[in-house]
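Novice: Here's a structure for you.
The values are calculated or read from the model by the stated rules, or taken from the named source; none is laboratory data. From a predicted model like this one, the values you see are computed outputs, not experimental measurements. Note that we place each Cβ from the backbone using ideal geometry, even for glycine, and neighbour counts take in every protein chain shown. Please note that ligands, DNA and RNA were not included when accessible areas were found on the heavy atoms of the full protein model with its side chains. Shrake-Rupley method; radii C 1.70, N 1.55, O 1.52, S 1.80 Å.
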Amino acid sequence: MTRKGNTSSYGAPCGIFRCQGEDQWCAIEILSAEAWEAFCRLTPELDWPRDPKFVTAIHRKENEEELHQLLESWTINFTPEELMARLQSAGIIAGIVKNPKELLADAQLNHYQFFWWMEHPEIGRFPYHGQAMKLSRTPCQPRLPSPCLGQHTEYVSCEILGMWREEFVAYLKEGVFGKL
């Protein structure tokens, strides 16, 4: 396996595309022939979707870089919300890419209490991702905030790995564990 970013091994276009506004994006995935045909019907004003080099999934994948550039020259004309609604109404997979501030303000995520606010010893009150699903018989409860760097080094070294306490202290003085 190699890195492929937001692309797909199976077809194109698939990725995150710039929209109207500063740092605004929409994720779009058009991998099936039906979805590509829906996109062509949705964009009769554009000539490039009907270009022979984009006719089949294989052609689109072979010309993926150009396809993504052309698609983004179209997506930049819409807000992410407009673009997502337009594409989804045609049966095309699309979703808004939200930044952390937008996610924290998201009404749906807040309704389902997705973020758990906990007190962290170094950074104070901080939102943690909660459970992505709620199970009626096994409800998940927030636990402790994430540990600080090195917080459990002594426990892991001595209790789990069996290092002698004197040996741990010697390594600690030498700076082997960094600054704890």
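Novice: Taking Cα centroids, how far is the range 157-175 from the range 120-151 in Å?
Specialist: 29 Å
Novice: For the range 29-111, what is the relative contact order in percent, using Cα pairs closer than 8 Å and at least 6 residues apart in sequence? Display every interim value, and only then the final one.
Specialist: On the way: 45 pairs, mean separation 26.3, N = 83.
It rounds to 32 percent for the range 29-111.
Novice: Place a +1 charge on the Cβ of each Lys and Arg in the range 69-150 and a -1 charge on the Cβ of each Asp and Glu, then give the dipole magnitude about the Cα centre in debye, rounded to the nearest 20.
Specialist: 360 debye
Novice: Let me ask something additional. Sort Y112, Y171 by accessible area with a 1.4 Å probe, largest first.
Specialist: Values: Y112 120, Y171 80 Å².
Ranked from most to least accessible, the order is Y112, Y171.
Novice: For the chain, set up a GNM with springs between Cα atoms under 10 Å and report which of H120, H152, H68 has the largest fluctuation.
Specialist: H152
Novice: Where nothing but the Cβ of Lys and Arg (+1) and of Asp and Glu (-1) is charged, how large is the charge dipole of the range 29-97 around its Cα centre, in debye to the nearest 20? Numbers along the way, then the final one.
Specialist: On the way: 6 positive and 13 negative charges, 36 e Å.
Taking the Cα centre of the range 29-97 as origin, the dipole is about 180 debye.
Novice: Between W117, W74, W164, which gets the highest mean-square fluctuation from a Gaussian network model of the chain, Cα cutoff 10 Å?
Specialist: Most flexible of the set in this elastic network: W164.
Novice: Quick one: grab the alpha carbon gyration tensor of the range 1-56, order the square roots of its eigenvalues as a ≥ b ≥ c, and give me rounded if a/c is under 1.5, else prolate or oblate depending on whether a/b is larger than b/c. Mind dumping the intermediate values first?
Specialist: On the way: a/c = 2.26, a/b = 1.16, b/c = 1.95.
Oblate, because a/c is 1.5 or more while a/b does not exceed b/c.
Novice: How large, in Å, is the range 106-147 by the Kirkwood hydrodynamic radius built from its alpha-carbon pairs? It would help to have the intermediate numbers written out before the result.
Specialist: Values: mean 1/r = 0.0883 Å⁻¹.
Computed over the range 106-147, the radius equals 11.3 Å.
Novice: So if each residue of separation counts as 0.36 nm, and I subtract the Cα-Cα distance between T79 and A170, what length gain in nm does that give?
Specialist: 26.9 nm
Novice: Which lysines have a Cα lying under 28 Å from the Cα of K61, excluding residues fewer than 8 positions away in the same chain?
Specialist: Partners found: K4, K53, K98.
Novice: Full extension from H152 to D23: what is 0.36 nm times the residue separation minus their Cα-Cα distance, to one decimal in nm?
Specialist: Working: separation 129, 0.36 × 129 = 46.44 nm, distance 3.86 nm.
Between H152 and D23, full extension yields an extra 42.6 nm.
Novice: Related question: So which aspartates and glutamates can K179 reach, going by Cα to Cα under 17 Å and dropping same-chain residues fewer than 8 places off?
Specialist: E122, E154, E167
Novice: Still on this structure, please answer the following. What three numbers, in Å, describe the spread of the alpha carbons of the range 35-180 along their principal axes, ordered from the longest?
Specialist: Largest first, the range 35-180 extends 75, 38, 30 Å along its Cα principal axes.
Novice: Which of M84, M118, M163 moves the most in a Gaussian network model of the chain with Cα springs under 10 Å?
Specialist: M163
Novice: I would also like to ask the following. Give the cross-link partners of K101 among the lysines, using a straight C-alpha distance below 25 Å as the criterion and excluding same-chain residues fewer than 8 apart.
Specialist: K101 reaches K134.
Novice: Using the Cα centre as the reference, give the magnitude of the dipole from point charges on the C-beta atoms of the range 139-180 (Lys, Arg: +1; Asp, Glu: -1; all else neutral), rounded to the nearest 20 debye.
Specialist: Numbers: 4 positive and 5 negative charges, 43 e Å.
Approximately 200 debye in magnitude.
Novice: Within the accessible area of the range 8-140, what % is carbon and sulfur when the probe is 1.4 Å and the other protein chains stay in place?
Specialist: Details: 4630 of 8410 Å².
Here it works out to 55 percent.
Novice: Between 0 and 90 degrees, rounded to the nearest ten: what's the tilt of helix 165-174 against the longest Cα principal axis of the chain?
Specialist: Orientation of helix 165-174: about 60 degrees from the principal axis.
Novice: Might you work out the accessible area of I28 for me, using a 1.4 Å probe with all protein chains in place, and round it to the nearest 10 Å²?
Specialist: We get 10 Å² for I28.
Novice: Moving on to the next point. Spin-label point model (7 Å from Cα, Cβ direction): what's the K98 to W48 distance in nm?
Specialist: About 3.0 nm, to one decimal.
Novice: Explain nothing, just compute: Karplus ³J(HN,Hα) = 6.51 cos²θ - 1.76 cosθ + 1.60, θ = phi - 60°, for every residue of the range 18-32 in order, whole Hz, x for Gly and Pro.
Specialist: Values, residue by residue: 5, 10, 4, x, 7, 6, 10, 9, 9, 8, 9, 9, 10, 10, 9 Hz.
Novice: Among G124, N63, L104, flag the residue with its Cα farthest along the positive direction of the charge dipole of the range 49-180, charges on Cβ as +1 for Lys/Arg and -1 for Asp/Glu.
Specialist: My answer, from the dipole projection, is L104.
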